[in-house]
Amino acid sequence: MDFYIDTANIDDIKKYNALGIVDGVTTNPSLIAKEGVSLEKRIKEIAEVVDGPISTEVLATDYKEMIEEARKYVTWHKNIVVKIPMTVDGMKALKILAKEGIKVNITLIFSASQALIAAKNGATYVSPFVGRLDDISEDGMGLINEIITIYSNYNFDTKVIVASVRHPRHVVDSAIMGADIATVPPAILDKLFKHPLTDKGVKAFLSDWEKVKNLQ
Ligand code: E4P
């Protein structure tokens, strides 16, 4: 399973990329807005750091304007994936962009029927938001299971990016289910490395070694 980092913060992207665990990046307008820098500048900075797909979201709601934005974004770098929301206009834009060979990540997926339509229209990726479903007492990971089953039934090439990840268990369950990608915020990436017994074990080994290190 690939790991994408779900942030537009360039310092975090550099930090986790150096750990060898970043296969791509997802951004959205809220994440870019936190950074106080233009979309184009930040996306180009990210592309200099990470050699993998970088999802960049359209701001238009009308399909013709979405298409214009998408065509502009892909001139910025070869790794740009255009993120388009799961709306009726989004689907019209997807159909046209897919024919042009532009890679599209359909975002804000909350049901299996949405994921099915996006795949039929040629999405390269879909982003089901598991955390936001869990927040309203629905079953985020249950949705991932449904989408993987449907895509496998019909041999769709569309890749599943598990998004809105809130904790390490979302990441582990994604891997167990065979999701293609999990996009993970920096704070959750940190937690993936950690186990209290590992820290305790390192401390105990060093403390035991301290007692005998001067023996001849
Ligand atoms: C995915 O591509 C989105 O950027 C992101 O995962 C949304 O997560 P949130 O629900 O924590 O905002």
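Report whether or not residue 132 is of a type outside the set (Ser, Thr, Tyr), part of a loop (DSSP other than H, G, I, E, B) and either in contact (Cβ under 8 Å) with a residue 60 or more places away in the chain or in contact with a helix residue (DSSP H, G or I) (Cβ under 9 Å, 6 or more places away or on another chain) (or both). No. Please verify whether segment 190-209 includes one or more residues that are open to solvent by 10 Å² or more (accessible area, probe 1.4 Å) and in contact (Cβ under 8 Å) with a residue 12 or more places away in the chain. Checking segment 190-209: at least one residue is open to solvent by 10 Å² or more (accessible area, probe 1.4 Å) and in contact (Cβ under 8 Å) with a residue 12 or more places away in the chain. Residue 138 passes every criterion in (1) surrounded by 14 or more Cβ atoms within 10 Å (Cβ to Cβ); (2) within 16 Å of the ligand (Cβ to nearest atom); (3) not hydroxyl-bearing (Ser, Thr, Tyr) apart from (1).
Per-residue answers, yes or no, for (1) of a type in the set (Asp, Glu); (2) more than 20 Å from residue 40 (Cα to Cα); (3) within 16 Å of the ligand (Cβ to nearest atom):
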residue: 73; (1), (2), (3): no, no, yes
residue: 80; (1), (2), (3): no, no, yes
residue: 87; (1), (2), (3): no, yes, yes
residue: 92; (1), (2), (3): no, yes, no
residue: 95; (1), (2), (3): no, yes, no
residue: 104; (1), (2), (3): no, no, yes
residue: 109; (1), (2), (3): no, yes, yes
residue: 113; (1), (2), (3): no, yes, no
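For residue 33, indicate whether it is farther than 22 Å from residue 182 by Cα and in contact with a helix residue (DSSP H, G or I) (Cβ under 6 Å, 6 or more places away or on another chain).
Answer is no for this residue.
Residues are listed down the side, and each one gets a yes or a no for (1) closer than 30 Å to residue 19 by Cβ; (2) within 18 Å of the chain's Cα centre (by Cα):
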{"residue": "95", "(1), (2)": "no, no"}
{"residue": "111", "(1), (2)": "no, yes"}
{"residue": "149", "(1), (2)": "no, no"}
{"residue": "153", "(1), (2)": "no, no"}
{"residue": "159", "(1), (2)": "yes, yes"}
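Filter segment 9-60 down to residues that are among the hydroxyl-bearing types (Ser, Thr, Tyr) and surrounded by 15 or more Cβ atoms within 10 Å (Cβ to Cβ) and give me whichever is farthest from the ligand (Cβ to nearest atom).
Here the answer is 16.
If the condition is being open to solvent by 10 Å² or more (accessible area, probe 1.4 Å), part of a helix (DSSP H, G or I) and in contact (Cβ under 8 Å) with a residue 12 or more places away in the chain, then segment 144-185 contributes 145, 146, 148, 150, 151, 168, 173, 175, 177. Quick one: would you say residue 119 is within 22 Å of residue 53 (Cα to Cα) and exposed (fewer than 15 other Cβ atoms within 10 Å of the Cβ)? Here the answer is no, as residue 119 does not meet what is asked.
Which one of 36, 90 is in contact with a strand residue (DSSP E or B) (Cβ under 7 Å, 6 or more places away or on another chain) and either closer than 20 Å to residue 3 by Cβ or of a type in the set (Gly, Ala, Ser) (or both)? The unique qualifying residue is 90.
The values are calculated or read from the model by the stated rules, or taken from the named source; none is laboratory data. Because the structure is a prediction, the values reported are computed rather than measured. Cβ coordinates were reconstructed from backbone atoms using ideal geometry, including for glycine residues, and neighbour counts include every protein chain displayed. When the accessible area is computed, the model is the full protein with side chains, heavy atoms only, and any ligands, DNA or RNA have been set aside. Shrake-Rupley method; radii C 1.70, N 1.55, O 1.52, S 1.80 Å.
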